[in-house]
1. Those residues that are surrounded by fewer than 16 Cβ atoms within 10 Å (Cβ to Cβ) and either without any contact (Cβ under 8 Å) to a residue 12 or more places away in the chain or out of contact with any strand residue (DSSP E or B) (no Cβ under 9 Å at 6 or more places or on another chain) (or both), I need them from segment C:8-31; list them, please.
2. Show me the helices (runs of 4 or more DSSP H) entirely contained within segment A:226-291 in which 1 or more residues are polar (S, T, N, Q) and either more than 7 Å from chain C (Cβ to nearest Cβ) or surrounded by fewer than 24 Cβ atoms within 10 Å (Cβ to Cβ) (or both).
3. Among the residues of segment D:166-176, what is the count of those that are surrounded by fewer than 23 Cβ atoms within 10 Å (Cβ to Cβ) and within 18 Å of the chain's Cα centre (by Cα)?
4. Could you give every pair whose Cβ atoms fall below 9 Å, whose first residue belongs to segment A:321-336 and is under 12 Å from A:ASN292 (Cβ atoms), and whose second residue is of a type in the set (Val, Ile, Thr), counting only separations of at least 6 or pairs across chains?
5. Scanning segment B:141-151 for residues that are surrounded by fewer than 19 Cβ atoms within 10 Å (Cβ to Cβ) and away from chain A (no Cβ under 13 Å), which turns out nearest to A:ASN186 (Cα to Cα)?
6. Could you check segment A:209-225 and list, in sequence order, the residues that are not in a helix (DSSP H, G or I) and not hydrophobic (A, V, I, L, M, F, W, C)?
7. Could you check A:GLU303 against (1) closer than 28 Å to D:THR240 by Cα; (2) at pLDDT below 95 and say which number it fails?
8. Touching a helix residue (DSSP H, G or I) at 6+ places or on another chain (Cβ under 8 Å) and free of Cβ contacts under 8 Å to residues at least 12 places away in the same chain: which single residue out of C:ALA194, C:ALA244 fits that description?
Protein chains: 4
Amino acid sequence: MIIVCKNTASQEKINALIKELEDKSLQVHCSIGTLSTILGVVGDTSKLDIEALEANEIAEKVQRVSEPYKLANRKFHTEDTIVDVNGTKIGGGFFGVMAGPCSIESEEQIIGCAKSVKAAGANFLRGGAFKPRTSPYAFRGLKERGLELLLLAKKETGLPIVTELMSLEHLDLFNDVDVIQIGARNMQNFEMLAELGHCNKPILLKRGLANTIEEWLMSAEYIMSGGNENVILCERGIRTFETATRNTFDISAAPLIHQLTHLPIIMDPSHATGKSSLIKPLAKSAVVAGANGLMIEVHPNPEKALCDGAQSVTPEAFADIMNDVKTLCHFEHKII
Amino acid sequence: MIIVCKNTASQEKINALIKELEDKSLQVHCSIGTLSTILGVVGDTSKLDIEALEANEIAEKVQRVSEPYKLANRKFHTEDTIVDVNGTKIGGGFFGVMAGPCSIESEEQIIGCAKSVKAAGANFLRGGAFKPRTSPYAFRGLKERGLELLLLAKKETGLPIVTELMSLEHLDLFNDVDVIQIGARNMQNFEMLAELGHCNKPILLKRGLANTIEEWLMSAEYIMSGGNENVILCERGIRTFETATRNTFDISAAPLIHQLTHLPIIMDPSHATGKSSLIKPLAKSAVVAGANGLMIEVHPNPEKALCDGAQSVTPEAFADIMNDVKTLCHFEHKII
Amino acid sequence: MIIVCKNTASQEKINALIKELEDKSLQVHCSIGTLSTILGVVGDTSKLDIEALEANEIAEKVQRVSEPYKLANRKFHTEDTIVDVNGTKIGGGFFGVMAGPCSIESEEQIIGCAKSVKAAGANFLRGGAFKPRTSPYAFRGLKERGLELLLLAKKETGLPIVTELMSLEHLDLFNDVDVIQIGARNMQNFEMLAELGHCNKPILLKRGLANTIEEWLMSAEYIMSGGNENVILCERGIRTFETATRNTFDISAAPLIHQLTHLPIIMDPSHATGKSSLIKPLAKSAVVAGANGLMIEVHPNPEKALCDGAQSVTPEAFADIMNDVKTLCHFEHKII
Amino acid sequence: MIIVCKNTASQEKINALIKELEDKSLQVHCSIGTLSTILGVVGDTSKLDIEALEANEIAEKVQRVSEPYKLANRKFHTEDTIVDVNGTKIGGGFFGVMAGPCSIESEEQIIGCAKSVKAAGANFLRGGAFKPRTSPYAFRGLKERGLELLLLAKKETGLPIVTELMSLEHLDLFNDVDVIQIGARNMQNFEMLAELGHCNKPILLKRGLANTIEEWLMSAEYIMSGGNENVILCERGIRTFETATRNTFDISAAPLIHQLTHLPIIMDPSHATGKSSLIKPLAKSAVVAGANGLMIEVHPNPEKALCDGAQSVTPEAFADIMNDVKTLCHFEHKII
């Protein structure tokens, strides 16, 4: 950590700060310039509170130089994490494709959808039972009944299932769910993250709408610090000034995440763009940029979807996308 | 609502869409141009799913023309809402100042702080017992013990108290809390919002880091649609590209909110900027821009604060800010 | 165009507005709802001033439904534009790779670099003679001397050259330049755009740091409306809240641009990310997302580069990137 | 400056880098941690190229700790700069109000407007002769004729005039203009900035749509480094995800700018919000936040304005705004 002291700081105050840091078993190196004094602090600085240091009257600027996450950090865990979901793997050389409708609407819809995405090559079934909606007047999912239908579809097809948890109060209903999804709006629901650290299921952690990659990894760290290291990251677009797409798909996150962490990352072009016509080119780009998987919304009849129709593709379009995805996975030496 | 049809849309498909809308008791007016046909849909469109319409193959663009919120809408409720917190009012001509430490640290700290902010003119005491922190390794508040100390300070000073709820599981502990705060990261925790709609306490709803004013009002609508109309909005800075301040203080929200809704709005320059040296000018600007109140972090010793020290002001600095705030409230005909 | 009238608007004022529009040979369809009246305006609305309409006291909201660009619009020109740069084509099925150093530093550097990028498969040489720099104290390019060296490299290798124009006053020096680049910071230098409309050279128009896709196409329209239809668009990252990469690479721009316009688009992962380690995965993703070409910074010795070293790749790394780019172009049926 | 070395960096490479820096007369202090080595570089680092350092293979991160601007820096020039525009002062305790139409449309319009804004208390007349417009089909100002009319209005009222320069080619026409305005889109038109450094007129430098405060000050530095120290900064809103206002008015810029630089700052709520109904509260907030002046668009008949009507206020509304502005200036001890 670096502390730049104001040029008005007295030597006495600087010494007091150095002593305070040394008392915490840190080493402090002092560079005295004409305009400012720079303190280089080395040792385990992860417990130092950067805000408290910034409040020190002599501090002009405080900057962390090492990442604030440890368990998620590639530096301390160089091997790729491969998450094993009851036999279906994701991470490292294993590519996972999670497909299905935004929300589960009926037995016919979810089972039909499950069969067609499986036939096209998906290895996970996704579907929403509890749906976060901006409007209190919108359809918020079939809830318990939705979970039952999803489990039926799992039984029918053998596909492991992924679905979103919106409140810890529903956790008991998720016993037979294979992967618990944390939505973008709950990425910093710290109470939920902490609790899921004590659960033994893989967690799919979506990136918040306006969260940095560092904050995202800190949320993964929350889960991991509770003991659950099976975290799969999911990029789903970030909020920017551009309105031509619903969000801006941050494709750079795929290669960058691999430098920073050992956790797998999948990418969701459906939520990122909100436009079904963009799913195919972006799904392909995600594969070659290094993603470990994809999440794609598929609906038998997008026009009649109760939610997110504009970004859903038909089963036929999905099969066409998967043809290219499989070829590109082969090119990238990924097993799908 | 406006639906712009693609220029490739057949008349048959357009007619089918018109019929579908008319079957929902809506009126549809059709404007045929050379490049596109525009459908103007009037009637109660609040239940129409914009996404489903966008998924219609003939739709090029779908735009809402009326606001999607009703209970929060100034159009249907022209009088300012005045929230009465056990006798202390906020909204309309009543100005509320919520001051206190980011987190409650000890009996001495919170009681000392409560007395000094009261003396300076604050009419609410704020303090965090449960703290949302980006890092799982940071101090997360004194929790239950923090609430007990806050209640002590309330008893000692008579100030109504405001504190953040981070999980519905803690709700039972909040019986004696006067105003429940929903933090920025939970602004779209829809399960929590829905539940608080059934509670009879005023809710302080902070704007999410990257949420639009419309989304913010939709979150207020969630609470109101459950029956609880005592919602106080709180602007606390939005995330932008600028890094010179922690967030960007959206001062325009104050006058704009008054055009859109009857709910009161307070402003929090402490979280907006992260810099104690900016609190005074921004607090003053909020008063004259039309805010109904302020939220300001005050700590007896910011350097030793366990949280948010860099943005906290001392009791002396707070008293100085309040001098100007009172003068400007007088100029604005606000009662403080 | 849609005009939503305020619910307080008198019928008289609405009629006056309708008449004003009809006098401009537009047709107006009126949808009367309980809360607002919607006017659907059809005909050639491109000359209507949206801001003047918004200033009308009865207007609550005014929305364009057709794109404000015409010459650049795919709707009126369905065939892909193929720009022919003295025999080297870009657009449609032709893929262009523009590579070279951020700034031209010496004869040895630019000629060595030109030879190695040509050997690796680049079909254009890029290099900056006039350099936009945030600081007045930084190296701003070799200027005229830089152009001379670039022309030497063109002579030596036969590669057409691309270089940035920073001021119209330098235009006379660009006679032998093959493609004139307009940098991100000049994307809305309207005087420059208008002037380049009268020039007969292809223009590479970089997207502004914080410009929407619509604004970008309007800048292309500026050039085209002057008579020069040889515009190549270049996505180079947009400014967002994320600081882990220099900018956010908007990969969605590639497929979206193809829906909106017939002009070719190339992508520049070097400026988009500022990190050489991300160039390869992002260059690959651009190819499969539908880009018509790439712009990549290559420097023989990035550590000694006078500008943009951190984002430059070595000639060896570039050759490695090109191996994958060629394979993926083949997969996409693009000729390189 | 701080250089964090990768933990894989050899001692030999680190020593080589230290030597390279010491050869530039800089002092280097080395802090060796278990995970990384931190180099603290002190001395005049303003000429060091941060990008070249980032390209060094052993560098993990490079951070500047001192501001890259010198002439504009408050640290080296503690007194407020007061710009004297032919007798009318702005900066320090002098408050400047620049009012007038977005574009000059006729003799009657500009002279009428000038008289009414002067009567209301404005001390500068603003008006656009050359107008930057997103669309090539929009009205781009009366150009030379506009300047002539503006000079007539100056003669008639004695108000100094402010108008935008869009191209260096027009500079000769600006001889009798009192303050040259650089628009947001030209804030990083470095050739123009450098040239204006050699001119002896005050420059009004608008902040770019998506430029940081640091970049803005670097643009001021460009002008100052050429010898022209009469720079007035103008905040006019930044681009964010929020669409309820045209831009987001960054009110924090006023107090923050005063900490960073001695240059005066004025604020433009008209362009910041695009909504005339928000001008009054935001103008007031700017005064108490510490601005040295205001820029406000006034038009005798906003509905008929050829440009920016939606954000223009009438002369009557302007007089009403000025009443409050004067009272608040008095409260702030500013002379208007």
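The values are calculated or read from the model by the stated rules, or taken from the named source; none is laboratory data. Just so you know, these numbers come straight off a predicted model, no measurement behind them. Heads up, the Cβs are rebuilt from the backbone with ideal geometry, glycines too, and the neighbour counts pull from every protein chain shown.
1. C:THR8, C:SER10, C:GLN11, C:GLU12, C:ASN15, C:ALA16, C:LYS19, C:GLU20, C:GLU22, C:ASP23, C:LYS24, C:SER25, listed by residue number.
2. Hits in segment A:226-291: A:253-260, A:269-273.
3. Matching residues across segment D:166-176 total 1.
4. A:CYS329/A:VAL287; A:CYS329/A:ILE335; A:CYS329/A:ILE336; A:GLU332/A:VAL287; A:GLU332/A:VAL288; A:LYS334/A:VAL287; A:ILE336/A:VAL97; A:ILE336/A:VAL325
5. Looking only at segment B:141-151, we keep the residues that are surrounded by fewer than 19 Cβ atoms within 10 Å (Cβ to Cβ), and these are B:143-145, B:148, B:151.
If we keep only those that are away from chain A (no Cβ under 13 Å) as well, we get B:144-145, B:148, B:151.
Details: B:GLU144: 23, B:ARG145: 26, B:GLU148: 28, B:LEU151: 30 Å.
Ranking the candidates gives B:GLU144 first.
6. Pass one, segment A:209-225, residues not in a helix (DSSP H, G or I): A:209-212.
Selection gives A:ASN211, A:THR212.
7. (1)
8. Details: C:ALA194 fails: free of Cβ contacts under 8 Å to residues at least 12 places away in the same chain.
One residue alone meets the criteria, C:ALA244.
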